[in-house]
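Participant: Next up is a structure, given as structure tokens.
The values are calculated or read from the model by the stated rules, or taken from the named source; none is laboratory data. The shown structure was predicted, so the numbers you read here are calculated from the model rather than taken from an experiment. Heads up, the Cβs are rebuilt from the backbone with ideal geometry, glycines too, and the neighbour counts pull from every protein chain shown. Please note that ligands, DNA and RNA were not included when accessible areas were found on the heavy atoms of the full protein model with its side chains. Shrake-Rupley method; radii C 1.70, N 1.55, O 1.52, S 1.80 Å.
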Amino acid sequence: MHPQTLDADRLRADLDGRLVLPGEPDWDDARRAWQLTADQHPDAVVLAATVSDVVATVNAAREAGLRVAAQATGHNAGPLGPLAGTVLLRTSGLASTTTDVAAGTVRVEAGVTWGALTAAVAPHGLSGLPGTAADVGVVGYTLGGGLSWLGRAHGLAANHVVSADVVTADGVLRHVDAVSDPELFWAIRGGGGSFAVVTALEISLVRVSDLHGGTLFFPLERASEVLHAWREWTGTAPDEITSLGRLLRFPPLPELPEAVRGRSFAVVELVSLLGQEATDAALAPLRALGPDLDTVRASGPAELAAIHMDPPAPVPATGDGFLLRDLPAAALDAFLSVTGPDQDFPVLGTEIRHLGGALAPAPSAGGTRGGAVSALDAGYAIFSAALTPDEAAVKAIHGHLDALRDALGDWAAPTSYLNFTERPGGAPFADADTLARLRRVKHRYDPTDLVRGNHPVEPSAG
């Protein structure tokens with residue numbers, strides 16, 4: 001592409017929403033991502049109000065030789081970089097949900113968050129497959145795979161996409177599904193946001209009842225004992241339970257609950273789809289350790305978002321993650337050698353999430369179940385996040401995260417999970433054959449690489 005000049009007057013006239021340019025009064029608000037460490041400086045920002053705005057933006061950017069990056073919330077904005085030569089298309093204004101209770105599906109526009117989706121479908125005894133935070137956008141999360149609290153029972157959220165409305169690089173609004181555009185439909189399910197601007201998804205829901213969720217809190221000093229017990233327990237945990245072992249070091253911030261403010265913990269967080277009796281029986285070995293605080297209880301779908309204690313508002317955060325093939329005792333010892341209570345590991349939270357179950361590749365399906373990334377060929381996932389108020393802090397945290405990755409290198413999986421990858425240059429998110437197929441899809445629908453995803457796939461005709 002050869003950048004020219006965006007025809008701002010024409011684009012403004014075509015929009016139902018707003019065009020914001022550098023230097024205008026609300027420029028900083030318009031360009032700001034949830035991840036405040038991502039300092040975005042696009043050529044322009046469009047605050048879309050309608051699908052027609054998305055079409056107009058794609059056409060205007062293409063004609064000007066610019067690119068387009070769609071963003072609802074910006075939770076994983078870091079890999080996008082500063083966005084030079086790009087129009088940032090904010091989709092948070094596309095926020096409608098339509099639930100078909102009889103069919104067990106919901107249609108969500110590109111700006112819908114998980115909190116809004118859950119509120120729409122929970123009264124009907126239904127649930128999507130949400131992650132840990134209510135304010136994450138459904139579309140971006142799902143395009144990256146979607147690792148849920150319900151994942152070991154129901155798989156990745158990308159597997160539950162029924163159809164999608166997208167605007168491709170030629171400015172055409174398409175309704176894609178397994179029949180109408182099978183290759184594009186395959187690519188967006190787990191391949192990320194590089195192939196088209198998604199304006200809506202239709203998602204199949206799951207029926208939920210007898211949900212239980214919460215956290216077992218232990219002093220950080222017991223980290224080795226607790227995490228080794230949890231590691232052994234995951235070997236027999238039923239697929240209806242998704243859990244993680246986590247080390248938390250809370251800063252003494254006044255907005256934090258008094259019970260955790262300024263304290264450090266080793267915790268086990270979990271969600272169970274079993275009833276009360278079966279959940280209690282399954283958790284008995286962990287409860288026998290004597291947690292200081294046990295918050296596991298009957299929960300509604302909306303309450304699951306509180307378990308992980310994610311920040312309720314945008315923060316200057318830095319994080320990263322990777323996958324592990326397995327977690328033998330030696331691997332957990334290596335993890336603790338970097339992160340444990342006697343180590344200088346200035347990270348707010350670092351976790352090991354148990355995968356497997358319905359998240360694992362299905363042998364009968366040749367390792368796939370639908371889209372480009374429909375399973376995670378790994379036993380566990382690592383993710384760490386820290387508060388980083390300035391560039392020096394970001395650099396320091398990256399050093400600690402690199403040390404953790406190096407310590408666990410012998411057990412690292414060959415692929416990564418997009419939504420836990422917040423820096424470029426990590427492991428590829430799929431095998432070589434899948435990546436080659438994705439590049440062919442990109443070339444077919446976006447040969448000039450107009451649509452910019454936070455984890456890019458470059459076009460290739462070969």
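Participant: I'm told A396 meets every condition in (1) open to solvent by less than 20 Å² (accessible area, probe 1.4 Å); (2) farther than 22 Å from V271 by Cβ; (3) touching a Pro at 6+ places or on another chain (Cβ under 9 Å); (4) hydrophobic (A, V, I, L, M, F, W, C) except one. Can you identify the failing condition by its number?
Facilitator: Failing condition for A396: (1).
Participant: Right, another one. Determine if the range 341-359 includes at least one residue that is of a type in the set (K, R) and either touching a helix residue (DSSP H, G or I) at 6+ places or on another chain (Cβ under 8 Å) or open to solvent by 40 Å² or more (accessible area, probe 1.4 Å) (or both).
Facilitator: No, the conditions are met nowhere in the range 341-359.
Participant: Looking only at the range 223-233, filter to residues that are open to solvent by 10 Å² or more (accessible area, probe 1.4 Å) and touching a residue at least 60 places away in the same chain (Cβ under 8 Å); which one of those is farthest from G275 (Cα to Cα)?
Facilitator: By that ranking, first place goes to S224.
Participant: Next question, about the same structure. Looking at the range 377-401, I want the residues that are under 14 Å from T339 (Cβ atoms) and have a partner that is part of a helix (DSSP H, G or I) and open to solvent by less than 50 Å² (accessible area, probe 1.4 Å) with Cβ atoms under 6 Å, at least 6 apart or on another chain. Which pairs are those?
Facilitator: F383/F420; S384/L401; A386/I397
Participant: Go through A427, A461, A432 for me and flag whichever is at pLDDT 95 or above, among the aliphatic types (A, V, I, L, M) and surrounded by fewer than 23 Cβ atoms within 10 Å (Cβ to Cβ).
Facilitator: Result of the check over A427, A461, A432: A432.
Participant: Kindly check whether there is at least one residue in the range 397-411 that is closer than 22 Å to H228 by Cβ and part of a loop (DSSP other than H, G, I, E, B).
Facilitator: Yes, the range 397-411 has at least one match.
Participant: Got a sec? Which of R263, R249 is over 29 Å from A120 (Cα atoms), modelled with pLDDT of 95 or more and buried (at least 16 other Cβ atoms within 10 Å of the Cβ)?
Facilitator: Residue meeting the stated conditions: R249.
Participant: Residues L283, L304: which one is under 25 Å from the mean Cα position of the chain (by Cα) and not in a loop (DSSP other than H, G, I, E, B)?
Facilitator: Answer to the selection: L304.
Participant: Let me ask something else. In the set D181, D210, which member is open to solvent by 10 Å² or more (accessible area, probe 1.4 Å), at positive phi and not polar (S, T, N, Q)?
Facilitator: Exactly one residue qualifies, and that residue is D210.
Participant: Something else about it: Can you report the number of residues in the range 27-56 which are closer than 17 Å to L83 by Cβ and assigned to a loop (DSSP other than H, G, I, E, B)?
Facilitator: Count: 12.
For (1) touching a Lys or Arg at 6+ places or on another chain (Cβ under 9 Å); (2) in a strand (DSSP E or B), each residue gets a yes or a no:
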residue	(1), (2)
L83	yes, no
V87	yes, yes
T98	yes, yes
G111	yes, no
L117	no, no
L129	no, no
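Participant: Further, regarding this structure: Among residues belonging to the range 309-331 that are closer than 27 Å to E221 by Cβ, modelled with pLDDT of 95 or more and assigned to a loop (DSSP other than H, G, I, E, B), point out the one that is least open to solvent (accessible area, probe 1.4 Å).
Facilitator: Selected residue: L327.
Participant: So which of S148, S92 ends up being in a loop (DSSP other than H, G, I, E, B) and open to solvent by 10 Å² or more (accessible area, probe 1.4 Å)?
Facilitator: Step by step, each of S148, S92 is checked, and only S92 is in a loop (DSSP other than H, G, I, E, B) and open to solvent by 10 Å² or more (accessible area, probe 1.4 Å).
Participant: A further question follows. Has the range 44-59 got any residue that is within 27 Å of G319 (Cβ to Cβ) and open to solvent by less than 30 Å² (accessible area, probe 1.4 Å)?
Facilitator: yes
Participant: Can L408 be described as surrounded by 15 or more Cβ atoms within 10 Å (Cβ to Cβ), out of contact with any Leu (no Cβ under 6 Å at 6 or more places or on another chain) and over 23 Å from R263 (Cα atoms)?
Facilitator: Yes; evaluated as a whole, the condition is true for this residue.
Participant: Also: Regarding W27, is this residue of a type outside the set (S, T, N, Q) and touching a residue at least 60 places away in the same chain (Cβ under 8 Å)?
Facilitator: no
Participant: Hey, another quick one. What residue, among those in the range 279-294 that are in contact (Cβ under 8 Å) with a residue 40 or more places away in the chain and open to solvent by 50 Å² or more (accessible area, probe 1.4 Å), is farthest from L147 (Cα to Cα)?
Facilitator: The residue in question is D292.
Participant: Also, quick follow-up: Pick out the one residue from A133, A122, A102 that is part of a helix (DSSP H, G or I), among the aliphatic types (A, V, I, L, M) and modelled with pLDDT of 95 or more.
Facilitator: Testing whether each residue is part of a helix (DSSP H, G or I), among the aliphatic types (A, V, I, L, M) and modelled with pLDDT of 95 or more leaves just A122.
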